[in-house]
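See structure below.
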């Protein structure tokens, strides 16, 4: 099964942090690396030293001898560790970097693609972003199960088919009877029970909606909350999803109304089996009416609008979906692409919309078959060449408006689903990529800067791979080789 959380690769350490600076829309927390561990140990030692001095001071001033004074206590001077010169967080490109030699790159990377952990179903492509030259092609045009790297397709489609500055509205309208209000979902699953959101920076809040409703209905006691999720149609789960996928810790039934990414609570990883009802309950609680009836339904035609809140921009939602590999958010974005193309906001319509939007943007979609927008479906088929083309297009600007795709890619050894895969001591600042994981499927696609300062776009899919640890270790080796390559 796939999941949105980080992928563990015990004992591996190779990359640094990314190639493109983030726009700041995701929460970034450094969590790995020997360099960081040394800093942490030094800080702990310093704290212990100071605490020890403080205890001695307290003993001198608060003992039985009332004549004791601070002058009789010796506190050792704190000595800060010598950390040396700071290493840049992000590597830079070299405008004079030589073009990579395909034979040299193949010699460095090719054998790693034969690693036992990747199994027999490996496909890969590496592209020189500056020239567009394909430097390595291993069955790159063969369709393969992409797992969560399919989110790159959804992200590119959303950024090119929609206005990256567009926001999604969630509204409350008057119901058909006194004391009834209707929560109308606009397809934004980031609506938050808390202020601010614990998961999605910049998300709208239920508290804001409730405050507007109270102001619009002074003195009214709300007794019933109807939840209208009619914007989305069709089945709540996609073909190719397993019976345990929704709800789970990484996915939920896809509805137009949800709170906290369809999580059961703002701080939980578990997703809900009834996202719409949860949203209605959250609104009732915020209105001070926890005993109100909550039910699914539709808003009356022409109902008076009482409140509205809007999501963060599409570009930020794309970044969050990629960085956290958020299946629920990715599915919501795919539905918005469908709506923009006058297609049903269903799994089928979203899949058609994403592929159509990519084709309109100039991406060769030959071999692409989608059943969802997140990559959770095992029926999805995407060639590695399409993933590499999308990343390269976002990097060279030919995929117009898609820069948020790059800034949303997890930074190796630093954040998102790559937070625990990398080490700041080895090739810092050169790789950021989207992960993909299903049972027997492991993939990685993103950018790497070579040792000579050349930017590469790459994609590797192993859809007949072995254990998660061995497959991820092999993918890590491939990425490390690209970063270390002196291939000019």
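The values are calculated or read from the model by the stated rules, or taken from the named source; none is laboratory data. Here the structure is a predicted model, which means the values were calculated and not measured. So basically every Cβ, Gly included, is an ideal-geometry build from the backbone, and we count neighbours across all protein chains shown.
Values for this structure:
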read-out: Residue 183 buried (at least 24 other Cβ atoms within 10 Å of the Cβ), touching a helix residue (DSSP H, G or I) at 6+ places or on another chain (Cβ under 8 Å) and not in a helix (DSSP H, G or I); value: yes
read-out: Matching option when the condition is surrounded by fewer than 24 Cβ atoms within 10 Å (Cβ to Cβ), within 20 Å of residue 260 (Cβ to Cβ) and touching a helix residue (DSSP H, G or I) at 6+ places or on another chain (Cβ under 8 Å), among 352, 319, 331, 308; value: 308
read-out: Residue 106 being crowded, with 16+ Cβ neighbours inside 10 Å, within 27 Å of residue 450 (Cβ to Cβ) and within 24 Å of the chain's Cα centre (by Cα); value: no
read-out: All positions within segment 129-167 that are at positive phi and buried (at least 21 other Cβ atoms within 10 Å of the Cβ); value: 147
read-out: Out of 126, 173, sole residue that is buried (at least 17 other Cβ atoms within 10 Å of the Cβ), within 30 Å of residue 393 (Cα to Cα) and either touching a helix residue (DSSP H, G or I) at 6+ places or on another chain (Cβ under 8 Å) or at pLDDT 95 or above (or both); value: 126
read-out: Among (1) surrounded by fewer than 23 Cβ atoms within 10 Å (Cβ to Cβ); (2) out of contact with any helix residue (DSSP H, G or I) (no Cβ under 9 Å at 6 or more places or on another chain) - the single one residue 296 does not satisfy; value: (2)
read-out: Qualifying residue in segment 359-367 (condition: buried (at least 24 other Cβ atoms within 10 Å of the Cβ) and touching a helix residue (DSSP H, G or I) at 6+ places or on another chain (Cβ under 7 Å)); value: no
